[in-house]
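Below you'll find the structure, written out as structure tokens, and then a few comments.
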Amino acid sequence: MQQAIAVLDSGVGGLTVVKEVMRQLPYEKILYFGDTARTPYGPRPADEVIAFTREIVNYLVQYRPKMIVIACNTATAVALEDIRHRHNLPIVGVINPGARAAVGRTKSGIIGVIGTEGTIKSGAYDLALKRLSPHIEIVSQACPSFVPLVEDGNFRSAETNQTVLESLSLLRNSTMDCLILGCTHYPFLAESISEVMGPTVVLINSAEETAREISTILHENNELAGKDEFPVHHFFCSGDARKFQQIAKTWLGDQIRLTPVIWQVPHIGV
């Protein structure tokens, strides 16, 4: 039986990572858990986010995945090392890949970071960016109103555009040339964010770089799925399954329609 890549997030945001994994690694089986009943994680205390992440990982490991991907910036910031100490399999986060992508793209040396309150407060992106390039200038902003919009499926509306405009007003005058979308929910709002920030600012979505890291690790471990594999993906959510399915199918499109999908709603933490 093909082992899966297990991906977890506070809600639907990690589907942005799933989409890129499906594009780069089409033969890999995906096991996804979105904690939609307890989203957002950003305003929660670190110890609570760690407890939720442990709980979800413990649920997912019963399926014997070959890798765990924490596709939530808040959980990556506060829980990644804890999970790595507890489980003897590759654990991948999304912060270091996003930082690498931004450092590789910037020409001005000024990088913006937007994320949840928890991610920005942790300073995880500042640390990752400075580790790669000590002279980088970083401008950060928490945008707590973005995740609820995405979880409601409200990607493009007058309300969304106004919320994005108000949230990013302080960043518009910066001379940054790259803006890291430091929450996997934020690519759902990329069109509105790009309109506000203007054409000179490149939006950095960590999903592409994260998928490359996943591919590299699986290749090094000789665990890439064979091309004769036909993956059956499993998606779990802890909240409203109908809303989750609707958003997932809208976002993943043909990539999810071309392969069998099993949707399940486990009773966990709620």
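Straight-line cross-link reach from Lys19 at under 19 Å between alpha-carbon atoms covers these lysines, not counting any fewer than eight positions away in the same chain: Lys29, Lys66, Lys227, Lys243, Lys249.
Computed over the alpha-carbon atoms, the chain gives an Rg to Rh ratio of 0.95, Rh here being the Kirkwood radius from the mean inverse distance. 3J(HN,Hα) couplings calculated from phi for the range 137-150 with the Karplus curve 6.51 cos²θ - 1.76 cosθ + 1.60 (θ = phi - 60°) are, in sequence order, 9, 10, 10, 10, 8, 7, 10, x, 7, 6, 4, x, 4, 5 Hz; Gly and Pro show x. Zone of Asp228 (label point 7 Å along Cα→Cβ, backbone N under 18 Å): which residues in the range 41-69? Answer for this model: none. Among Trp263, Trp251, the ranking by other beta carbons within 10 Å of each residue's beta carbon, starting with the fewest, stands as Trp263, Trp251.
Cβ crowding within 10 Å, taken as a proxy for footprinting-reagent exposure, orders Glu48, Glu220, Glu151 from fewest neighbours to most as Glu220, Glu48, Glu151. Considering only DSSP beta bridges whose two residues both sit in the range 1-111, what percent are antiparallel, to the nearest 5? That works out to approximately 0 percent antiparallel.
The 3J(HN,Hα) values that the Karplus relation (6.51, -1.76, 1.60; θ = phi - 60°) gives for the range 29-42 are, in residue order, 7, 10, 10, 10, 10, x, 7, 5, 6, 10, 5, x, 7, x Hz. Gly and Pro appear as x.
Quick one: net charge around Ala79, please, counting Lys, Arg +1 and Asp, Glu -1 for every other residue with C-beta under 15 Å from its C-beta. With Lys, Arg at +1 and Asp, Glu at -1, the net is -1. Can you tally the net charge around Ser215? Count Lys and Arg as +1, Asp and Glu as -1, for every other residue whose Cβ sits under 13 Å from the Cβ of Ser215. Surrounding charge for Ser215 is -4.
If you take the alpha carbon atoms of the range 95-206 and fit the smallest convex hull around them, that volume is 83 Å³ per residue.
Computed over the chain, the per-residue total of -39500 (n - 2.57) for DSSP H runs of n ≥ 4 gives a 222 nm mean residue ellipticity of -13000 deg cm²/dmol, rounded to 500.
Please arrange Tyr63, Tyr186 by counting, for each residue, the other beta carbons lying within 10 Å of its beta carbon, fewest first.
If I rank by nearby Cβ atoms, fewest first, I get Tyr63, Tyr186.
None of the figures in this text is laboratory data; all of them are computed from the coordinates on show. Here the structure is a predicted model, which is why all the values come from computation and not from measurement. Using ideal geometry, Cβ is built from the backbone for each residue, glycine included, and neighbour counts are taken over all protein chains shown.
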